[in-house]
Amino acid sequence: MNTYINSFMRGRDLLKKLLICDLITACLAVFMRSNPTMMGLFSGATLILFIAIIYIDVKYCRCPNCGKVIMLGVLAIDACPRCKRSLTTGKKMKKHR
């Protein structure tokens with residue numbers, strides 16, 4: 001059972017899982033070129049997973065402090081681009097040179 005610090009961490013974890021599943025279904029669609037039915041099925045699954053990724057990003061991947069949606073760099077950043085607070089602890093981050 002995963003316990004999350006905040007909804008941002010939950011969204012980040014869900015995004016990782018959905019991105020892996022999306023990559024797998026996209027690869028399976030490419031490898032199933034000889035069977036058009038299976039290729040269409042995996043292509044549709046890839047599209048549905050991509051829409052789910054966007055939905056999870058908008059719903060959960062928000063800064064817990066200012067509420068800004070973080071679309072790009074969700075898996076890499078540690079601080080909110082707008083309020084410069086930590087996404088896990090909420091403390092003000094020190095400036096980096």
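Can I48 be described as under 20 Å from S7 (Cα atoms), free of Cβ contacts under 8 Å to residues at least 12 places away in the same chain and of a type in the set (V, I, T)? If you could, list the steps in order and put the result at the bottom.
Numbers: under 20 Å from S7 (Cα atoms): no; free of Cβ contacts under 8 Å to residues at least 12 places away in the same chain: yes; of a type in the set (V, I, T): yes.
For I48, the condition - under 20 Å from S7 (Cα atoms), free of Cβ contacts under 8 Å to residues at least 12 places away in the same chain and of a type in the set (V, I, T) - is not met.
What's the total number of residues in the range 59-88 that are surrounded by 12 or more Cβ atoms within 10 Å (Cβ to Cβ) and closer than 23 Å to T25 by Cβ? Please lay out each step first, then the result.
In the first step, residues of the range 59-88 are kept if they are surrounded by 12 or more Cβ atoms within 10 Å (Cβ to Cβ); the result is 59-66, 68-70, 74, 77, 79-88.
So of that shortlist, the ones also closer than 23 Å to T25 by Cβ come out as 59-61, 74.
Number of matching residues: 4.
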note = Within the range 1-46, restricting to residues that are closer than 23 Å to D57 by Cβ and aromatic (F, W, Y), the one that is farthest from the chain's Cα centre (by Cα) is F42
inquiry  = Where the second residue is surrounded by 14 or more Cβ atoms within 10 Å (Cβ to Cβ) and assigned to a helix (DSSP H, G or I) and the first is on the phi < 0 side of the Ramachandran plot and of a type in the set (D, E) and lies in the range 12-24, which pairs have Cβ atoms under 7 Å and are six or more apart or on separate chains?
reply    = D22/T46; D22/L49; D22/F50; D22/I53
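With the requirement that a residue be without any contact (Cβ under 8 Å) to a residue 12 or more places away in the chain and either under 18 Å from K16 (Cα atoms) or part of a loop (DSSP other than H, G, I, E, B) (or both), what does the range 71-88 give you? Let's see the steps before the verdict.
Taking the range 71-88 as the starting set, the residues that turn out to be without any contact (Cβ under 8 Å) to a residue 12 or more places away in the chain are 72-73, 76-77, 84, 86.
Those that are without any contact (Cβ under 8 Å) to a residue 12 or more places away in the chain and either under 18 Å from K16 (Cα atoms) or part of a loop (DSSP other than H, G, I, E, B) (or both): L72, G73, A76, I77, K84.
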query = Among the residues of the range 58-70, which ones are under 15 Å from L18 (Cα atoms) and assigned to a loop (DSSP other than H, G, I, E, B)?
reply = C61
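The numbers here are math on the coordinates, done by the rules we state, and not lab data. As the structure is a prediction and not an experimental result, all values here were calculated from the model. For neighbour counting, all protein chains shown are included, and Cβ atoms are generated from backbone atoms with ideal geometry for every residue, glycine included.
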